[in-house]
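> Let me begin by handing over the structure; questions about it come next.
The values are calculated or read from the model by the stated rules, or taken from the named source; none is laboratory data. Just so you know, these numbers come straight off a predicted model, no measurement behind them. No Cβ is skipped: glycine too gets one built from the backbone with ideal geometry, and neighbour counts run over all protein chains shown.
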Amino acid sequence: PVAVATSDIAYVRFHGRNREKWWNHKEAWERYNYDYSDDELVEWIPKLKELEKNTKETLVYFNNHYRGNAVKNAKRLKKLLQEE
């Protein structure tokens with residue numbers, strides 16, 4: 001993934017990495033059934049910090065909403081960012 005700012009606002013959206021169900025699913029929710037690991041979130045920290053330096057505002061959204069994973073992962077990323 002590439003993190004490049006093309007305006008004053010950076011928008012990063014995490015859909016999940018459920019490759020196996022992205023194109024081969026019966027129900028739409030299946031493609032978003034994904035829980036990010038700490039390692040997967042940590043790899044984004046330098047990219048998010050770079051975006052933050054180069055924009056007025058950086059917005060991060062999680063769309064892997066199945067079973068509340070979006071909320072869980074957003075809270076976890078926030079904590080990881082605070083630990084940096």
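> Could you check the range 1-52 and list, in sequence order, the residues that are more than 13 Å from the chain's Cα centre (by Cα), hydrophobic (A, V, I, L, M, F, W, C) and either surrounded by 14 or more Cβ atoms within 10 Å (Cβ to Cβ) or modelled with pLDDT of 95 or more (or both)?
Ala5, Ile9, Trp22, Leu51
> Sticking with this structure for a sec: When you look at Tyr61, is it touching a helix residue (DSSP H, G or I) at 6+ places or on another chain (Cβ under 6 Å), of a type in the set (Ser, Thr, Tyr) and either assigned to a helix (DSSP H, G or I) or within 19 Å of His15 (Cα to Cα) (or both), yes or no?
Values: touching a helix residue (DSSP H, G or I) at 6+ places or on another chain (Cβ under 6 Å): no; of a type in the set (Ser, Thr, Tyr): yes; either assigned to a helix (DSSP H, G or I) or within 19 Å of His15 (Cα to Cα) (or both): yes.
The answer is no for Tyr61.
> Let me ask you something else. Restricting the range 18-39 to residues that are touching a residue at least 12 places away in the same chain (Cβ under 8 Å) and in a helix (DSSP H, G or I), which is nearest to Leu81 (Cα to Cα)?
Of everything passing the filter in the range 18-39, Asp38 is nearest to Leu81 (Cα to Cα).
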